[in-house]
Amino acid sequence: MGKRAISIALATLMPVTAAAQTPPDAAALHAIEAKVPPQGWYPEGYYDVLIAAEADQAEIRRPTKELASDWGDGDGRKYDVVDCTTEGPDPAAVDPLTARYGSVASEVARLRSELSRLGLPEAAYAAPLAAFEKAKVEEAAKLTEAQVMGTEYAEDDAEASEQEDPYFTLAREVESNRQRLALKTPKVIAEGGCGAGEGGPVIVRTSPPGGEVLLVNAFAFKVCTRRLPDPWDRFKCKWTEIETGAQKQLSGRYVYQVKWPDGTVRKGTRDIVPNYEDEAVAAVVTFKKVGS
């Protein structure tokens, strides 16, 4: 069974909803800057997206014990820099800047967290990761708007096709450093081989009925928190009103605000997991006025 298939199988065991959490405020995001300083070559606005990604990673990161495993090939425990279970934000659900750079920032934040938690010293991965980030940012910067939105695919670039994939370059350089600096840590590789799997539709309900449901991608909300005085403003941040009782493609981590006719409002963060086992069966997500 491939890694993507395993992740889908595990997803079917997860509850459709998770307990509500409070999104980080502007001060919490600002504190991350001490760990991740800006670089002079960053495109305008990218740093805000990166800080949001770092905060997002702290919420969704894989347990450390699951980062590396023994593949039974005699090489001992290995860590794959390509994680088939990760997904960047839906370009249609976020602002244009996050649509362009969100996936890159998410991967940089994930890799920084995981390489550190594997026990590797910063000297083993800092420079290779910075080079990876620069290469991926440059790739993203060249995309047309249609390519960013996924409605058009980039034509093969002869020059790019001759270059090594940034993931493989990253793994090769970190592994070389690991052998010098931290030989007892898991071997670092780039295997990949990810497949597709979107899951079935989701039906949103409120209890009691009649609540107005607004959702925004949790990553995008963090970017709004960095850039706006009030990220809860439904018109300034990219909030989407969700029709209750109707089937809709939803998957991932969302910040929500639900308002009932009597004025009661509930806010928080929730993971929405569609049905991967049978995509014909809709998963139901209920936002409750009282309780979890």
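The values are calculated or read from the model by the stated rules, or taken from the named source; none is laboratory data. Being a predicted model, the structure only gives us computed values, none of them experimental. Just so you know, the surface numbers come from the protein's heavy atoms only, side chains and all, with ligands and any DNA or RNA stripped out. Shrake-Rupley method; radii C 1.70, N 1.55, O 1.52, S 1.80 Å.
Available extension along the chain between LYS236 and ALA92 is 50.3 nm, counting 0.36 nm per residue and deducting the alpha carbon span.
Counting only DSSP beta bridges whose two residues both lie in the chain, roughly 70 percent are antiparallel. Helix 166-181 and the long axis of the chain differ in direction by around 60°, with both axes built from C-alpha atoms.
For the chain, the share of accessible area belonging to carbon and sulfur comes to 51 percent (1.4 Å probe, ligands and nucleic acids excluded). Using only alpha-carbon positions in the range 23-63, the gyration tensor eigenvalues give semi-axes of 19, 12, 9 Å once each is multiplied by 5 and square-rooted (largest first). Cross-link list LYS134/LYS236; LYS142/LYS222; LYS65/LYS248; LYS35/LYS288; LYS134/LYS248: which exceed 28 angstrom alpha carbon to alpha carbon? Checking Cα-Cα distances, LYS134/LYS236; LYS65/LYS248; LYS35/LYS288; LYS134/LYS248 exceed 28 Å. Residue order by solvent-accessible surface for VAL284, VAL213 is VAL284, VAL213, largest first, with ligands and nucleic acids left out and a 1.4 Å probe.
When the Gaussian network model of the chain links Cα atoms closer than 10 Å, the mean-square fluctuations of GLU122, GLU87, GLU191 top out at GLU122. What angle do you read, to the nearest 10 degrees and between 0 and 90, between the alpha-carbon axis of helix 96-117 and the longest principal axis of the chain? Taking the Cα atoms of the chain, the angle to 96-117 is about 60 degrees. Pairwise Cα distances in the range 75-215 exceed 24 Å in 44 percent of cases. Against the longest principal axis of the chain, how steep is helix 46-60, in degrees 0 to 90 to the nearest 10, with axes from Cα atoms? Taking Cα atoms only, the helix is inclined about 80 degrees. Straight-distance candidates among the aspartates and glutamates for linking to LYS259, with alpha-carbon spacing under 20 Å and chain neighbours fewer than 8 residues away dropped: GLU212, ASP230, ASP233, GLU241, GLU243, ASP271. Per residue, the chain exposes an accessible area of 53 Å² to a 1.4 Å probe, with every protein chain left in place. From largest to smallest, the equivalent ellipsoid semi-axes obtained for the range 178-292 from the alpha-carbon gyration tensor read 35, 22, 13 Å. Taking all protein chains as shown and a probe of 1.4 angstrom, CYS194 keeps an accessible surface of around 70 Å². Here the Kirkwood formula puts the hydrodynamic radius of the chain at 20.6 Å, using every distinct Cα pair. Its residue count N sets the reference 2.2 N^0.38 Å, and the alpha-carbon radius of gyration of the range 37-125 equals 1.23 times that reference. Using C-alpha pairs under 8 Å with a sequence gap of at least 6, the mean separation divided by the residue count of the chain gives a relative contact order of 26 percent. The slack between TYR42 and SER176, meaning 0.36 nm per residue of separation minus the straight C-alpha distance, is 45.5 nm.
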